[in-house]
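Let me begin by presenting the structure, written as structure tokens, before commenting on it.
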Amino acid sequence: NAGVTQTPKFQVLKTGQSMTLQCAQDMNHNSMYWYRQDPGMGLRLIYYSASEGTTDKGEVPNGYNVSRLNKREFSLRLESAAPSQTSVYFCASNVQGLTGELFFGEGSRLTVL
Amino acid sequence: AQSVTQPDIHITVSEGASLELRCNYSYGATPYLFWYVQSPGQGLQLLLKYFSGDTLVQGIKGFEAEFKRSQSSFNLRKPSVHWSDAAEYFCAVGANTNAGKSTFGDGTTLTVKP
């Protein structure tokens with residue numbers, strides 16, 4: 001059982017370039033999330049999707065867009081990368097409305113030069 | 001708005017010693033509380049959770065946590081730490097809403113001395 005799978009695991013971008021982080025879960029969860037993790041700042045919610053067809057902003061959405069492609073997949077796009085977006089990005093999922101327990105992917109480390 | 005405070009950024013304990021990691025939360029209703037562990041280069045893994053009922057909850061790897069409503073705390077404990085427990089620990093408060101969004105503390109890094 002793969003759980004939550006993120007790709008790519010590592011990426012280096014130049015300022016202004018664009019890229020998409022992919023996330024897929026095989027647990028039939030309704031809700032999916034994108035967090036970023038920076039040293040000393042815990043995890044901050046970027047965007048989330050409570051259910052297929054819906055997306056909402058989290059705490060730090062500026063500079064990002066998301067797409068809930070289907071129930072399994074939730075992608076995060078950086079249209080014009082900035083050095084401030086250098087971070088480790090985590091995708092997570094959970095069962096909507098029943099528990100807040102999150103299941104995490106292994107993370108994607110992004111460096112913007 | 002919900003929030004979580006982990007007062008200790010870094011804790012060092014000797015192997016075999018007991019451990020307590022502190023967590024204080026702010027939430028308007030009865031919270032859902034979680035502790036997650038993150039090993040280097042890995043995602044977060046759930047250690048334990050509190051939703052309701054018994055205020056002392058048991059988790060994986062020998063960890064336990066106690067919910068104290070009067071103190072707005074949910075401290076994580078382990079009687080005897082193993083070297084493999086060295087990791088970063090995150091406390092989180094969640095909600096049983098449609099989105100079930102969780103808010104995380106800034107984390108506590110645990111170092112285990114041999």
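Each residue of segment B:75-85 is assigned a 3J(HN,Hα), and the resulting list reads 7, 9, 9, 8, x, 9, 7, 10, 4, 6, 7 Hz, derived from the Karplus form 6.51 cos²θ - 1.76 cosθ + 1.60 (θ = phi - 60°), x at Gly and Pro.
Derived scalar couplings between HN and Hα for segment A:105-111 equal x, 7, x, 10, 8, 10, 10 Hz in order, rounded to whole Hz, by the Karplus curve 6.51 cos²θ - 1.76 cosθ + 1.60 (θ = phi - 60°), x for Gly and Pro.
Which lysines does residue A:57 reach when only Cα atoms under 26 Å apart count, and residues fewer than 8 places away in its own chain are ignored? List returned: A:9, A:14, A:71, B:49, B:101.
Of the trypsin sites (Lys or Arg not before Pro) found in segment A:11-113, those in coil by DSSP whose Cβ has at most 11 other Cβ atoms within 10 Å are A:14. Put the Cα centre of segment B:61-112 next to the Cα centre of segment A:15-54 and the gap is 22 Å.
Computed from backbone phi with θ = phi - 60° and the Karplus coefficients 6.51, -1.76 and 1.60, the 3J(HN,Hα) list for segment B:21-37 is 10, 8, 8, 10, 10, 10, 7, x, 10, 5, x, 9, 10, 9, 10, 10, 10 Hz; x is used for glycine and proline. Note on residue B:113: aspartates and glutamates with a C-alpha under 20 Å away, same-chain residues under 8 apart excluded, are B:8, B:15, B:20, B:85, B:88.
No value in this document is a laboratory result; all are computed from the given coordinates. These numbers were taken from a predicted model, which means no experiment stands behind them. Here Cβ is always computed from backbone atoms with ideal geometry, including for glycine, and neighbour counts include all displayed protein chains.
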